[in-house]
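> Quick one: the structure is below, questions incoming.
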Amino acid sequence: VQLQASGGGLVQAGDSLRLSCAASGRAFRTYTMAWFRQAPGNEREFVAVIRQNGYTYYKDSLKERFTISRDNAENTIYLQMNSLKPEDTAAYFCAASNTVIQSTLRYRSAYHYWGQGTQVTVSS
């Protein structure tokens, strides 16, 4: 599967953004889809995941502000980000896997397919 992330940009603290990740292929609904992010000098970190059945899981510190969703008809996932903070500045990557198990949803190594990243910059 090929992934194309979009929707990033430069915003002010407190603003909202919605990221999109479009996937190719007819088997999209069989994939667990996730968002990760990577700030300069930091490792890529887990943000949120949505499973085939709609189950969602978030990094604890983000679950009040971020919402992940999927549209299987459009082969797309979304990340709605509200009340953005300067510390949310990062490149955001979408990822896909059809073999990830529940205990490894947060781990980069569990995902086989990655998008190219979309930059989110939040100014104070």
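> Criterion first (at pLDDT 95 or above, exposed (fewer than 13 other Cβ atoms within 10 Å of the Cβ) and among the polar types (S, T, N, Q)) does Ser123 satisfy it?
yes
> Next up: Does Tyr31 qualify as being touching a residue at least 60 places away in the same chain (Cβ under 8 Å), in contact with a Ser or Thr (Cβ under 6 Å, 6 or more places away or on another chain), open to solvent by less than 50 Å² (accessible area, probe 1.4 Å) and of a type outside the set (D, E, K, R)?
So Tyr31 fails the test.
> Would you mind stating whether Leu19 is farther than 18 Å from Arg108 by Cα, modelled with pLDDT of 95 or more, open to solvent by less than 30 Å² (accessible area, probe 1.4 Å) and within 10 Å of the chain's Cα centre (by Cα)?
Spelling it out, Leu19 is indeed farther than 18 Å from Arg108 by Cα, modelled with pLDDT of 95 or more, open to solvent by less than 30 Å² (accessible area, probe 1.4 Å) and within 10 Å of the chain's Cα centre (by Cα).
> Restricting attention to segment 60-108, and to residues there that are in a strand (DSSP E or B), touching a residue at least 24 places away in the same chain (Cβ under 8 Å) and small (Gly, Ala, Ser), which single residue is most open to solvent (accessible area, probe 1.4 Å)?
Only one residue fits best here, namely Ala91.
> Checking the structure you have, find out if any residue of segment 38-57 is among the aromatic types (Phe, Trp, Tyr), within 19 Å of Ser109 (Cα to Cα) and modelled with pLDDT of 95 or more.
yes
The values are calculated or read from the model by the stated rules, or taken from the named source; none is laboratory data. No experiment lies behind these values; they were computed from the predicted model shown. Here the Cβ is made from the backbone with ideal geometry for all residues, glycine too, and neighbour counts use every protein chain on show. Note: areas computed on protein heavy atoms with side chains; ligands, DNA, RNA excluded. Shrake-Rupley method; radii C 1.70, N 1.55, O 1.52, S 1.80 Å.
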